[in-house]
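The values are calculated or read from the model by the stated rules, or taken from the named source; none is laboratory data. Since this is a predicted model, take the numbers as computed values, not measurements. Cβ atoms come from the backbone with ideal geometry, glycine included; neighbour counts cover every protein chain shown.
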């Protein structure tokens, strides 16, 4: 699907607030509410966008946020992938090329929970090496629409 300038404006508005009423979007873009509704429906149907709720982990008590790179035995990649996927505190998993095989992001409520999570990952059969980093401060969280 081709995304035109109007669609791009709609996406940018929804990216800032996915609950923005169609009437408000229509006023900002100078189109009818019906036209906005149809365009949003088309963007959703064509899977160009999805509108989801994003949980603020810190408000729920998950104050420890971090990233881990994982090197795995090539013969056990699928097993490691499945085991990582089973861990609730991991909310992002990427399969990589390069020095590490996986990049994950996680959150924990306490140092003890964090310690247990790291130990659990290191005990997965096939995990060879891990490198952990903790987020000290979120400096930029860019998820805005770029055309």
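For the range 121-137, which positions are in a helix (DSSP H, G or I) and surrounded by fewer than 15 Cβ atoms within 10 Å (Cβ to Cβ)?
So the first thing to find is which residues in the range 121-137 are in a helix (DSSP H, G or I), and the list is 121-122.
Listed by number, the list holds a single entry, 122.
Check 100, 106 and return the single one that is surrounded by 14 or more Cβ atoms within 10 Å (Cβ to Cβ) and part of a loop (DSSP other than H, G, I, E, B). Please lay out each step first, then the result.
On the way: 106 fails: part of a loop (DSSP other than H, G, I, E, B).
Selected residue: 100, the only one of 100, 106 that is surrounded by 14 or more Cβ atoms within 10 Å (Cβ to Cβ) and part of a loop (DSSP other than H, G, I, E, B).
Let me confirm something: among 70, 11, 51, which residue is outside the structural domain of residue 97 (by TED's automatic domain parsing) and either in a helix (DSSP H, G or I) or surrounded by 13 or more Cβ atoms within 10 Å (Cβ to Cβ) (or both)?
Numbers: 70 fails: outside the structural domain of residue 97 (by TED's automatic domain parsing); 51 fails: either in a helix (DSSP H, G or I) or surrounded by 13 or more Cβ atoms within 10 Å (Cβ to Cβ) (or both).
On inspection, the qualifying residue turns out to be 11.
Name the residue that is nearest to residue 79 (Cα to Cα), counting only residues in the range 102-139 that are in contact with a helix residue (DSSP H, G or I) (Cβ under 8 Å, 6 or more places away or on another chain) and touching a residue at least 60 places away in the same chain (Cβ under 8 Å).
The selected residue is 130.
Each row is one residue, and each column tells you yes or no for (1) loosely packed, with under 10 Cβ neighbours inside 10 Å; (2) free of Cβ contacts under 8 Å to residues at least 24 places away in the same chain; (3) in a loop (DSSP other than H, G, I, E, B); (4) in contact with a strand residue (DSSP E or B) (Cβ under 9 Å, 6 or more places away or on another chain).
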| site | (1), (2), (3), (4) |
| --- | --- |
| 34 | no, yes, no, no |
| 40 | no, no, no, no |
| 44 | no, yes, no, no |
| 87 | no, no, yes, yes |
